[in-house]
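The values are calculated or read from the model by the stated rules, or taken from the named source; none is laboratory data. The shown structure was predicted, so the numbers you read here are calculated from the model rather than taken from an experiment. Glycine gets a Cβ as well: all are built from the backbone with ideal geometry, and neighbour counts include every protein chain shown. Areas reflect the complete protein model, heavy atoms only, side chains present, ligands, DNA and RNA absent. Shrake-Rupley method; radii C 1.70, N 1.55, O 1.52, S 1.80 Å.
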Amino acid sequence: MKEQMEGLSTNQLAGLRRVLNSPVLPPSDPDYAAARKIWNGMIDRKPSVIVRPTGIADVIQTVRFAREQGLAASVRGGGHSVAGKSVADGAIMIDLSLMRDVQINPTRQTALAQGGATWGEFDREGEKFGLATTGGVISSTGVCGLTLGGGIGWLMGKHGLSCDNVVSADLVNADGSHLSVSATQNEDLFWAIRGGGGNFGIVTALEFRLHELASIHGGIVLYPRPVAFDLLRQYRDLTSQAPDEITAYAALLTGHGHPMAAIALCHSGSQEDRASACKQFYLSSPPVADMIGEKKYTELQTMLDFTAPAGMHYYFKCPFLRELTDEAIRTILEYTEQMPTEQTQVVLEHMHGAASHVPVEQTAFGLRRVHYSVNIMPAWTDPSHAEKCISWAQEFGSALTGLGASDAYVNYLGDEGSSAVKASYGANYARLAALKKKYDPSNFFCFNQNIVPAA
């Protein structure tokens, strides 16, 4: 697959436009500069052309054109990949952001979301019918991108990961064919796309199973950083025995110039139990701020948006810890005292309940166990701060590795390489590589956390 560092030739551009009924943005187009930007402001790549399909037919035509011309192609859904996999220098960027329709079927309790839809749009439509499913905790995250990698979210303890709620998919494969994928059609692909990322094609729509959800009890409670050790120990003790209806995160961050520790949680169970269950996460000392209470699910789903504004520069290291020991907590606190910027955060996510009970071989998602993801997330605006922020995160991650931390959720990977991708899938990797050989032997879909076709 050849990669062009310049735009398409005049003849290629004319040929592409002839077969499409959708916007085509070469580098000379006034909308090109804005369209190539994604959530992570550190990513500054220049595709040869940006295609913004308005329907499946133009996705098919773009893939076929790229294959015929020997051109590489990347795929953008919500554009939230921290590694910037949705945009590549010299490649055609297939930008699905104009395909963002979400249709709810209240009778069947399902939702059909196009490839460019975000979780904010998905959740608002579901809420009109009192229905929801597990989705990302930042509302601007793309539905399909998050789901294809697994899909951690507030409802995972009760209803499993986002990918566990997928009923079917529409997919354009590497030769430009449209496939319907479900438990009864192209079953091997159905297994692969539930956790295998964008390796097997362009998913133009996903159908989800929805669940009744009128409201939740949750929010954020903030404490001054000096009590963080006690707060994290209590968080560990409570999450280790938490019911499936509670998902709780812990965070270390800076608020208005002051170092803080926080608990963010969601209880989606019965109204009689949830307020008292959430109160258990409070310390005896008074919090700085208490924003926990009865909420709409959409309110909870947008609550953390302020922590991840688009355009900031981001870098992630997110190892898993099976046990949150006192030594691990002390190490986490030691490094958070050296946070390189005020925008930097460390977030602990507890994966449990239904998300951890699915047999590992049932879907491609390979991390089916109870554990904590320690999300080390430096953020900055001044490009000169990149080196110190990235070095801090890498040293922090190495310190946790010495305490038994391992592998990472594929959606949080940066450019750690093939060994990290293999570790994310564990025993499922060999089957994924065989399916990659079957459906994409030339590795056309390579701008992702790449699964290399089996030899």
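Structure values in brief
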item	result
Contacts under 6 angstrom Cβ, first residue in the stretch 135-159 being within 12 Å of residue 356 (Cα to Cα) and open to solvent by less than 10 Å² (accessible area, probe 1.4 Å), partner of a type in the set (Ser, Thr, Tyr) and in a loop (DSSP other than H, G, I, E, B), 6 or more apart	156/134
Members of the stretch 368-396 found to be over 20 Å from residue 254 (Cβ atoms) and among the β-branched types (Val, Ile, Thr), listed by number	370
Matching residues in the stretch 430-448 - criterion: being open to solvent by less than 30 Å² (accessible area, probe 1.4 Å) and either touching a Leu at 6+ places or on another chain (Cβ under 8 Å) or touching a residue at least 24 places away in the same chain (Cβ under 8 Å) (or both)	432, 435, 436, 440, 444, 445, 448
Residue 127, sole failed condition from (1) among the acidic types (Asp, Glu); (2) more than 26 Å from residue 57 (Cβ to Cβ); (3) touching a Lys or Arg at 6+ places or on another chain (Cβ under 6 Å)	(3)
Among the candidates 96, 112, residue that is crowded, with 22+ Cβ neighbours inside 10 Å and either within 19 Å of residue 145 (Cβ to Cβ) or in contact with a His (Cβ under 8 Å, 6 or more places away or on another chain) (or both)	96
Tally of residues being touching a residue at least 60 places away in the same chain (Cβ under 8 Å), open to solvent by 30 Å² or more (accessible area, probe 1.4 Å) and within 25 Å of residue 161 (Cα to Cα) across the stretch 398-428	8
Filter result for residue 197 (in contact with a Ser or Thr (Cβ under 7 Å, 6 or more places away or on another chain) and buried (at least 23 other Cβ atoms within 10 Å of the Cβ))	no
Single residue of the stretch 380-397 satisfying the filter (of a type in the set (Gly, Ala, Ser) and under 19 Å from residue 308 (Cβ atoms)) that is most open to solvent (accessible area, probe 1.4 Å)	386
Flag if residue 409 is under 29 Å from residue 323 (Cα atoms) and among the hydroxyl-bearing types (Ser, Thr, Tyr)	yes
Odd one out for residue 256, checked against (1) in contact with a strand residue (DSSP E or B) (Cβ under 8 Å, 6 or more places away or on another chain); (2) more than 26 Å from residue 118 (Cα to Cα)	(1)
Residues of the stretch 20-44 that turn out to be in contact with a Gly (Cβ under 6 Å, 6 or more places away or on another chain) and open to solvent by 40 Å² or more (accessible area, probe 1.4 Å), as a count	1
Selection count, the stretch 48-63, where residues are β-branched (Val, Ile, Thr), in contact (Cβ under 8 Å) with a residue 60 or more places away in the chain and either open to solvent by 10 Å² or more (accessible area, probe 1.4 Å) or part of a loop (DSSP other than H, G, I, E, B) (or both)	2
Residue 330 within 19 Å of residue 400 (Cα to Cα), out of contact with any Leu (no Cβ under 6 Å at 6 or more places or on another chain), modelled with pLDDT under 95 and surrounded by fewer than 22 Cβ atoms within 10 Å (Cβ to Cβ)	no
Odd one out for residue 251, checked against (1) surrounded by 14 or more Cβ atoms within 10 Å (Cβ to Cβ); (2) farther than 20 Å from residue 343 by Cα; (3) at pLDDT 95 or above	(2)
Residue pairs meeting the criteria (Cβ under 7 Å; at least 6 apart or on separate chains; first over 20 Å from residue 102 (Cβ atoms) and assigned to a loop (DSSP other than H, G, I, E, B), in the stretch 166-191; second open to solvent by less than 40 Å² (accessible area, probe 1.4 Å) and β-branched (Val, Ile, Thr))	176/60; 176/63
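Let's see how each residue does on (1) free of Cβ contacts under 8 Å to residues at least 12 places away in the same chain; (2) closer than 19 Å to residue 115 by Cβ; (3) acidic (Asp, Glu); (4) open to solvent by less than 10 Å² (accessible area, probe 1.4 Å):
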position	(1), (2), (3), (4)
13	no, no, no, no
18	yes, no, no, no
46	no, no, no, no
65	no, yes, no, no
69	no, no, no, no
89	no, no, yes, no
92	no, yes, no, yes
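Per-residue answers, yes or no, for (1) assigned to a loop (DSSP other than H, G, I, E, B); (2) within 23 Å of residue 266 (Cβ to Cβ):
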position	(1), (2)
68	no, no
87	yes, no
93	no, no
113	no, yes
125	no, yes
151	yes, yes
164	no, yes
